[in-house]
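Chemist: This is the structure I want to talk about, given as structure tokens.
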Amino acid sequence: MAQRMSNLFLRTLRENPSDAELPGHQLLVRAGYVRRAAPGIYTWLPLGLKVLRKVEAIVREEMEAIGGQELSFPALLPREPYEATGRWEEYGPNLFRLADRKGVDMLLGPTHEEMFTVTVKDMFSSYKELPTILFQIQTKYRDEARPRAGLLRGREFIMKDSYSFDHTPEGLEENYLKHRGAYVKIFDRLGFEYVAVHADSGAMGGSASEEFLAVSPHGEDTFVRSPGGFAANVEAVVVPQAEPIEVTAGAAHVEDTPDTPTIDTLVAALNAKHPRTDGREWAAADTLKNVLVMLVHPDGTREPLAIGVPGDREVDAKRLEAQVSPADVEAFEEKDFATFPMLAKGYIGPGVLAESNSSGIRYLLDPSIAEGSAWVTGADEPGKHVIDLVHGRDFTADGTIQAAQIKEGDPAPDGSGPLTLARGIEMGHIFQLGTKYAEALGLKVLDENGKLVTVTMGSYGIGVSRAVAAIAESNLDELGLIWPRHIAPFDVHVVATGKDASVYEQAEKVVADLEAQGLDVLYDDRPKVSPGVKFKDAELIGVPTIVVLGRGLADGVVEVKDRRSGDKRDVPLAELTQAVVTDVRG
RNA sequence: CGGGGUAUGGCGCAGCUUGGUAGCGCGUCCGCUUUGGGAGCGGAAGGCCGCAGGUUCGAAUCCUGUUACCCCGACCA
């Protein structure tokens, strides 16, 4: 049955809600698709639910096409499996915890690795039952410190998560590639620009890992692309180790550089008081900045770490976190400086850093810092810097770390040219998890030789509700949403205008004919609503084809509008159904 | 957790400086008119002004405290 606007549970808003920021999210609220119930928690109204179901259907189809079997775990989970893997503790405040009436700890599932693993363990005991792909499309809960951007980062959200189970690395690889193929098909169908990037597998462990990012300036992830087609999340970019260069600098010498605690002030002072002899000016890139952070390991122990990067770069917090995971990174505070009196804040240099020096603090360098290169850096005394300090000659570090900020124009790891930076929204993540959870929960099967082997797993996620938001963000104009056809809540939006009863009678026939062709029709039958309101609502709601019955009927024609292009054409009544079917089905 | 901002009817906002009957637009309901670009006129319903204390004859408004929400950052498969 066609959905009549007179009977649709919908209220469109003329003005943007004050708590919505992103254009797509504003429109989803204004057009009556979703409504905020609590911070980061949204109600799916009828229109929104129809869209969500369509996205789910696409994901489900492609998962089934690679042999995935759907199941559904509870959202409300027992503590025990999460205790066994350590995540009851590790997840920290992001985990929604609750207790039942007997005081037994429960949680709302933030992700379901444990449940999949435990369930497969309960049911399988032989390699003959592998490989298996299981998936669910399910509501997840994470008590994010700061939910934002509507559906893009909520505390309740819908995710497809699947897991593959194999007893050999080859099997895992194969399932990983199957998922990769399915993901390409899914994202090709969803209707936003996306890019698959190399990712950091981070705290989840595992090796091969790729993220599918929706390209968007509103994204929270930064990724790089090279002219040669290399693409990676900045967290996963590996800066190559610079080749040693010939030492050309003279002997290192300490100079007075009063009041130069920052790179900017240092560079200015150098150019004023200690100009270079080769004719060019000092630049931030000539300086070596030594940044101190405090690592907090999962067992609670704290370890200071010094990172040396060229002065024209920051330490990228996300890259650093990815490198030191599972440890957390905290700021190096005044009280920490107090315990290391040899550290002169603002003038810290390699002279006291490294495990073999007075501070004993582990000192890691950015790999772009070549052996033989000369630097201006802190002399470990307030108001003093050392010039021409040469890496390998005058100082050494304990190793290197991939933590420096990546900049637009940096050379690409594949050697194809300069990197470009862009932002993206993480829509999917696939990675080879390996045995982390199987090990922790004892998921083993008997192999061909009758020996117990730990099952190796792959983990694959897609943000389903986030996908709805991403589609909205990339399919809109100043008038409203513009859904891709296979995502739209309806195939066609029929608008009857005017007060003449014959228009509505004709519209009923048109609607019936379109439905007879199998189309899903939204019919604006509201009798006392002015045409302008109906047009605005239709544009806001964003069904891709809009059929308008009104004044043209006198000449036997009906207007067919393409929402995306704005093109309008008059079609004779007799040809209308066929014309619309052609538009909708391509 | 740091910084900034806001809490007044379903939505968007004004009023607060200088205390004195709680207002506007949109939406909703009734009537008449109107019907190709968010209609007009007339009528109506709907608000413990976030919460708690305090000052005052009197507090949306002043004072103290508190909570919530939004934005930026930190954080975040």
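The values are calculated or read from the model by the stated rules, or taken from the named source; none is laboratory data. Owing to the predicted nature of the structure, the values given are computational and were not obtained by experimental measurement. Note: ideal-geometry Cβ built from the backbone for every residue, glycine included; neighbour counts use all protein chains shown. Accessible surface areas use protein heavy atoms only, side chains included; no ligands, DNA or RNA. Shrake-Rupley method; radii C 1.70, N 1.55, O 1.52, S 1.80 Å.
Chemist: Touching a Phe, Trp or Tyr at 6+ places or on another chain (Cβ under 6 Å), in the same structural domain as A:Pro258 (by TED's automatic domain parsing) and open to solvent by 30 Å² or more (accessible area, probe 1.4 Å): is that true of A:Pro382 in this structure?
Modeler: For A:Pro382, the condition - touching a Phe, Trp or Tyr at 6+ places or on another chain (Cβ under 6 Å), in the same structural domain as A:Pro258 (by TED's automatic domain parsing) and open to solvent by 30 Å² or more (accessible area, probe 1.4 Å) - is met.
Chemist: Within 16 Å of RNA strand B (Cβ to nearest atom) and open to solvent by 30 Å² or more (accessible area, probe 1.4 Å): is that true of A:Arg423 in this structure?
Modeler: When the stated conditions are applied, A:Arg423 passes them.
Chemist: Please find, among A:Gly228, A:Gly279, the residue that is out of contact with any strand residue (DSSP E or B) (no Cβ under 6 Å at 6 or more places or on another chain) and in the same structural domain as A:Ile387 (by TED's automatic domain parsing).
Modeler: Exactly one residue qualifies, and that residue is A:Gly279.
Chemist: Follow-up. Can you give me the number of residues within the range A:498-526 that are open to solvent by less than 20 Å² (accessible area, probe 1.4 Å) and farther than 17 Å from A:Asp583 by Cα?
Modeler: 4
Chemist: Is there a residue being open to solvent by less than 50 Å² (accessible area, probe 1.4 Å), acidic (Asp, Glu) and near RNA strand B (Cβ under 10 Å from one of its atoms) anywhere in the range A:59-74?
Modeler: no
Chemist: Let me ask another. Among the candidates A:Gly40, A:Gly24, which residue alone is open to solvent by less than 30 Å² (accessible area, probe 1.4 Å), near RNA strand B (Cβ under 10 Å from one of its atoms) and not aliphatic (A, V, I, L, M)?
Modeler: After applying the criteria, what remains is A:Gly40.
Chemist: Among (1) within 23 Å of the chain's Cα centre (by Cα); (2) in contact (Cβ under 8 Å) with a residue 24 or more places away in the chain; (3) away from RNA strand B (no atom under 13 Å from the Cβ), where does A:Thr132 come up short?
Modeler: Exception for A:Thr132: condition (1).
Chemist: For the range A:1-21, which positions are among the aliphatic types (A, V, I, L, M), closer than 19 Å to A:Thr43 by Cα and out of contact with any helix residue (DSSP H, G or I) (no Cβ under 6 Å at 6 or more places or on another chain)?
Modeler: A:Leu8, A:Leu10
Chemist: Just the residues that are touching a strand residue (DSSP E or B) at 6+ places or on another chain (Cβ under 9 Å) and not basic (Lys, Arg), please, taken from the range A:56-68.
Modeler: Across the range A:56-68, the qualifying residues are A:Glu56, A:Val59, A:Met63, A:Glu64, A:Ile66, A:Gly67, A:Gly68.
Chemist: Follow-up. Taking the stated definitions as given, is A:Lys345 of a type in the set (Lys, Arg), assigned to a strand (DSSP E or B) and within 19 Å of A:Asp264 (Cβ to Cβ)?
Modeler: no
Chemist: Which condition number in (1) assigned to a helix (DSSP H, G or I); (2) free of Cβ contacts under 8 Å to residues at least 24 places away in the same chain; (3) under 28 Å from A:Ala327 (Cβ atoms) is the one that A:Thr117 fails?
Modeler: The one condition A:Thr117 does not meet is (2).
Chemist: Could you figure out which of (1) over 29 Å from A:Arg146 (Cβ atoms); (2) of a type outside the set (S, T, N, Q); (3) at pLDDT below 85; (4) buried (at least 18 other Cβ atoms within 10 Å of the Cβ) isn't true of A:Val118?
Modeler: (3)
Chemist: Just checking, which of A:Gly532, A:Gly518 is free of Cβ contacts under 8 Å to residues at least 12 places away in the same chain and more than 16 Å from RNA strand B (Cβ to nearest atom)?
Modeler: A:Gly518
Chemist: Within the range A:46-55, how many residues are in contact with a helix residue (DSSP H, G or I) (Cβ under 6 Å, 6 or more places away or on another chain) and surrounded by fewer than 18 Cβ atoms within 10 Å (Cβ to Cβ)?
Modeler: Of the residues in the range A:46-55, 0 are in contact with a helix residue (DSSP H, G or I) (Cβ under 6 Å, 6 or more places away or on another chain) and surrounded by fewer than 18 Cβ atoms within 10 Å (Cβ to Cβ).
Chemist: Also: Taking the range A:81-102, which residues are closer than 18 Å to A:Val118 by Cα and exposed (fewer than 14 other Cβ atoms within 10 Å of the Cβ)?
Modeler: Across the range A:81-102, the qualifying residues are A:Glu83, A:Gly86.
Chemist: When both residues are 6+ apart or on different chains and their Cβ atoms are under 6 Å apart, which pairs have a first residue that lies in the range A:355-366 and is within 22 Å of A:Ala404 (Cα to Cα), and a second that is among the basic types (Lys, Arg) and not in a loop (DSSP other than H, G, I, E, B)?
Modeler: That search, which allows pairs on different chains as well, returns A:Glu355/A:Arg362.
Chemist: A further question follows. Failed condition for A:Lys50, given (1) outside the structural domain of A:Asn94 (by TED's automatic domain parsing); (2) more than 9 Å from RNA strand B (Cβ to nearest atom), with all others met?
Modeler: Result: A:Lys50 fails condition (1) only.
Chemist: State the number of residues belonging to the range A:237-282 that are touching a residue at least 12 places away in the same chain (Cβ under 8 Å) and closer than 15 Å to A:His385 by Cα.
Modeler: Residues flagged as touching a residue at least 12 places away in the same chain (Cβ under 8 Å) and closer than 15 Å to A:His385 by Cα within the range A:237-282 amount to 21.
Chemist: Let me ask you something else. Which ones in the range A:432-485 are of a type outside the set (Lys, Arg), surrounded by fewer than 16 Cβ atoms within 10 Å (Cβ to Cβ) and out of contact with any Ser or Thr (no Cβ under 9 Å at 6 or more places or on another chain)?
Modeler: A:Glu448, A:Asn449, A:Gly450, A:Leu452, A:Asp477, A:Glu478, A:Leu479
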